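Notes to accompany the following structure.
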């Protein structure tokens, strides 16, 4: 899948995420064209604002909270946002490369034209959202939860889905054949139309109570 890359023209380097957010709130503005490089700030909080044409590189910002925030044309590369809440956020043309998002909460999130590449999203909650033209590639997503998610034009390539839970989420036309689905839990009706390998079919048959001799 070819997703549209973020438009990052004209960014200016910034050395503090919290400081930029404070400045934006004080002037009732959004955050635009910022290049956050090696910012080590945990517990960041942002609410009801937009980050547009921004780059986050080698930032370590765990335990943060973004609520109803729009991320448009944004790149996250080599970042750690573990245990971060992205509640009711919108992501448009956003790329995550080699990021750590362990235990993060993406509930009620909308994603459009998104690439998550070689990132660790294990133990994360990705429920109750809409994902359109999203590519999960070479990720660790073990023990993650996808419940009542609307998947449209979504790809999973060589992704670790060990012991993950996919509940009340249609996998019709979703190809999981290159993924590790050992110990996965899926509601039976979600399996209709899913594309799997022969060995995966045997694994999934156990969820339906089928015994294969």
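The values are calculated or read from the model by the stated rules, or taken from the named source; none is laboratory data. Since this is a predicted model, take the numbers as computed values, not measurements. Note: ideal-geometry Cβ built from the backbone for every residue, glycine included; neighbour counts use all protein chains shown.
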Exercise for review: Identify, by number, the condition in (1) outside any strand (DSSP E or B); (2) under 11 Å from the mean Cα position of the chain (by Cα); (3) under 18 Å from residue 175 (Cα atoms) that residue 122 doesn't meet.
Suggested key: (3)
Check your understanding: Residues 78, 98, 118, 113: which one is buried (at least 18 other Cβ atoms within 10 Å of the Cβ) and touching a strand residue (DSSP E or B) at 6+ places or on another chain (Cβ under 7 Å)?
Key -> 113
Practice item. Take the range 32-56 and flag every residue that is closer than 18 Å to residue 67 by Cα and not in a strand (DSSP E or B). Key: 41, 42, 43, 44, 48, 49
**Study point:** Boolean, residue 144 is at pLDDT 95 or above, closer than 24 Å to residue 84 by Cα, in contact with a strand residue (DSSP E or B) (Cβ under 9 Å, 6 or more places away or on another chain) and surrounded by 18 or more Cβ atoms within 10 Å (Cβ to Cβ)
**Key:** yes
